[in-house]
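Beneath this line is the structure, given in structure tokens, with notes to follow.
Here, each number is a calculation from the coordinates, and none is a lab measurement. Here the structure is a predicted model, which means the values were calculated and not measured.
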Amino acid sequence: MTLQAEALVPFGGVEPDAAWADEVRRLARQRDAVLLAHNYQLPEIQEIADHTGDSLALSRIAAGSDAATIVFCGVHFMAETAKILSPDKTVLIPDARAGCSLADSITAEQLRAWKAEHPGAVVVSYVNTTAEVKAETDICCTSSNAVDVVASIPEDREVLFCPDQFLGAHVKRITGRRNLHIWAGECHVHAGINGPELAERAAASPDADLFIHPECGCATSALYLAGEGAVEPERVKILSTGDMLHAARETKATSVLVATEVGMLHQLRKAAPEIDFRAVNDRASCRYMKMITPAAMLRSLREGADEVHVDAGTAERARASVRRMIEIGQPGGGE
Ligand code: SF4
């Protein structure tokens, strides 16, 4: 294939046609594999998957599945979480290089140093963290239950919240908790969806609802706009990706501005085809999520690669913090 022709096939050199889909299904049956796809995946990957959803919902499906193999089409920490919850299953990610800038914004070593500065503090980590960071964490949280998790901690205990500063600021505002310390991490995609852009789009579409992920750089601006009366408060909905789908089925609005990664639009449009969903920033695309191409998926199923491993000790400690999150959690959540 020439370079020019390759450029016309943006799926890693493989056209996601009927033959591709048949081959993926055949190989999945052969491996006794369940195919899971995060809401930010390419539409072709979402369509071939057995289940799509947010990171926590997919991990729960993985844990409850009878399949011997889980093919996790998402980023690495998500596949790790599936492995933590299903240690006896083979977990594959079609491209192990699919990382996450938010998960990379704190290491286990940095977290240990932070804990040493605040002895006795309770560590709450968003689920977008590595297995090693989860192992240093008391309770993991999703964007759906972050407020409940922090509220469950006795008032007199300090809380260390990591790694997402926007979600941390949201939790601090809702709980009014002064002894909550926030790590200054962020996701490059969500941080790029900013307040001025949101204000401009909201003003141009005065009847639209605003669906905003709490990791977004504009989440605080949305609440500020609502507080100032620039946008009616009932139009502003701060939601995890899973909750966005519920809200899409329930809203009376005919148009919705969506502030999160653009892959989310595919499931929203399927859930409510009559609504006009538009991205606040249509350049908000996660290059890590898009590493899971149709070609990568075929290779993964053919070669049994890339397999995700978490050492037993780390997995056991991480599992405890993830289980606490599930006890306090709602049915879905996470990114
Ligand atoms: S969109 Fe951001 S938080 Fe989500 S996987 Fe990509 S880098 Fe990580």
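Computed values, structure above
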| read-out | value |
| --- | --- |
| Segment 179-241: projected area of the alpha-carbon convex hull, averaged over directions, in nm² | 5.0 |
| Residue among ASP95, ASP54, ASP207 with the largest mean-square fluctuation in a Gaussian network model of the chain, springs linking Cα atoms under 10 Å | ASP207 |
| Estimated vicinal HN-Hα couplings, Hz - segment 189-203 in sequence order (Karplus 6.51, -1.76, 1.60; Gly, Pro = x) | 6, 5, 5, x, 8, 9, x, x, 4, 5, 4, 5, 5, 5, 5 |
| Stokes-Einstein D for the chain, Kirkwood Rh over Cα pairs, 10 °C, 1.306 mPa s (µm²/s) | 78 |
| Under 5 Å, built H, 5+ apart or other chain: amide partners of ASP276 | SER255, VAL256 |
| Segment 155-184-segment 264-330 distance, computed between alpha-carbon centres (Å) | 25 |
| Of ALA318, ALA204, ALA121, the one that fluctuates the most in a GNM where the chain has Cα springs shorter than 10 Å | ALA204 |
| Overall dimensions of segment 193-279 as given by Cα atoms, namely Rg and Dmax in Å | 11.6, 34 |
| Too-long pairs where the Cα-Cα distance tops 27 Å, listed order kept, from LYS134/LYS270; LYS89/LYS237; LYS134/LYS172; LYS134/LYS290 | LYS134/LYS270; LYS89/LYS237 |
